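Where a number appears in this text, it was derived from the coordinates with a stated rule and is not lab data. Fair warning: this is a prediction, and the values are worked out from it, not measured in the lab. Note: ideal-geometry Cβ built from the backbone for every residue, glycine included; neighbour counts use all protein chains shown.
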Amino acid sequence: MLNGYKRGLNVVLRHQFSTLCVFLVTMAATVALYIYIPKGFFPQQDTGFIFGNAQAAQILAFAAMNPRMLQIADIVRRIRT
């Protein structure tokens, strides 16, 4: 490990200007990416909506699933208040 560090350090010391240029380009690219990459992962304000997904067996009919969904909605309403 020490020999690898010495070799890498010797390369950097022999090519100081190139190393400085690579560093400056890396910093400029970092700033550019920070500015241009969208930051919309989290909403800017709370909209008050809760989205969810419920799954059941494929053989379950809509008429059988509907009361279960209403039960889930009631549980969520109780938790929110």
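Which whole-Hz couplings ³J(HN,Hα) result when phi for each residue of region 57-72 is put into the Karplus expression 6.51 cos²θ - 1.76 cosθ + 1.60, θ = phi - 60°, listed in order with x for Gly and Pro?
Taking θ as phi minus 60°, the curve returns 4, 5, 7, 6, 6, 4, 4, 7, 7, 4, x, 5, 5, 5, 5, 4 Hz for region 57-72.
Considering only DSSP states other than H, G, I, E and B, which chymotrypsin sites (Phe, Trp or Tyr not before Pro) in the chain qualify as loop sites with at most 14 other Cβ atoms within 10 Å? Don't jump to the answer; show the numbers that get you there.
Values: sites: TYR5, PHE17, PHE23, TYR34, TYR36, PHE41, PHE49, PHE51, PHE62; in loops: PHE41, PHE49, PHE51.
When the chymotrypsin sites (Phe, Trp or Tyr not before Pro) of the chain are filtered for loop state and at most 14 Cβ neighbours within 10 Å, PHE41, PHE49, PHE51 remain.
Could you pull out the trypsin sites (Lys or Arg not before Pro) across region 24-81 that fall in loop regions by DSSP (anything but H, G, I, E, B) with no more than 13 other Cβ atoms inside 10 Å? Before the final figure, lay out the partial values.
Details: sites: LYS39, ARG68, ARG77, ARG78, ARG80; in loops: LYS39.
Within region 24-81, the qualifying trypsin sites (Lys or Arg not before Pro) (loop, at most 13 other Cβ atoms within 10 Å) are LYS39.
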